[in-house]
1. Taking θ as phi - 60°, what are the ³J(HN,Hα) couplings along the stretch 193-203 by the Karplus curve (6.51, -1.76, 1.60), each to the nearest whole Hz, with x for Gly and Pro?
2. Which order do the peptides 171-179, 86-94 take when ranked by the mean count of other beta-carbon atoms within 10 Å per residue, highest first?
3. Out of every Cα-Cα pair in the stretch 10-112, what percent are more than 17 Å apart?
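No lab work stands behind these numbers, since they all come straight from the coordinates. Nothing here was measured: the structure is a model prediction, and the numbers come from that model. Because the Cβ atoms are built from the backbone with ideal geometry, glycine has one as well, and the counts that use them run over all protein chains shown.
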Amino acid sequence: MRYRYTSEPIEDLVQVASMGLVLAAQRYDAERGTSFASFAVPTIIGELRRHIRDHGWSARVPRSVQENVMKVHAATDELGARIGRSPSPRELAAETDLGVEDVLEATLATTAYEAASLDHRIDGDDDSPEPPITIGVDDPGYEHVERAVVIWPAVSELPPDERAVVALRFLGDLTQSEIAAMIGVSQMQVSRLLRRALDRIHTATAAAV
């Protein structure tokens with residue numbers, strides 16, 4: 001159940017875990033003095049992580065980010081149970097030995113686990129046999145892509161804290177207050193970081209044009 005946040009059906013995860021249990025039973029050596037549970041649990045978790053890493057993503061995500069997602073998710077459950085609340089990115093970074101930016105990146109990457117179906121009806125009536133018919137319109141996405149070609153190189157040059165705030169604000173669609181709560185700073189600090197980052201981007205893109 002720890003991995004229920006993925007798009008993989010629980011039944012498939014149970015099957016993979018069962019295969020891990022069988023594998024542990026085949027490799028277990030009682031003469032080493034270790035209990036079977038102590039040996040089996042890491043083996044089962046390893047099989048689950050490999051399965052999710054190879055099959056549980058709707059979009060292609062770098063292997064390092066996939067592994068960080070699993071670290072952060074496991075640490076969120078364990079640390080949250082210890083402290084009685086949702087841990088902040090700084091606390092998760094300390095728990096996982098990752099950087100705060102890596103934790104934020106892993107948090108955003110969890111959206112790549114499950115993609116929305118093209119057959120999902122806008123009106124919410126999924127029992128209808130036909131997908132919704134829409135009329136073609138001018139797609140503003142092309143303009144966004146053109147802007148991204150100029151903007152994102154400038155974003156990549158930002159300091160890590162400013163780059164993280166920009167990603168959370170414009171990719172994560174979070175408010176300044178939500179970002180402040182997530183990274184453990186005040187809303188005013190988030191506002192300053194965001195304003196400074198936007199000024200840098202504006203300067204860089206103006207020079208590029």
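1. 4, 5, 5, 5, 5, 5, 5, 5, 5, 4, 5
2. Details: 171-179: 14.8, 86-94: 18.2.
Descending mean neighbour count gives 86-94, 171-179.
3. On the way: 3173 of 5253 pairs.
Here the long-distance tail beyond 17 Å is 60 percent of all Cα pairs in the stretch 10-112.
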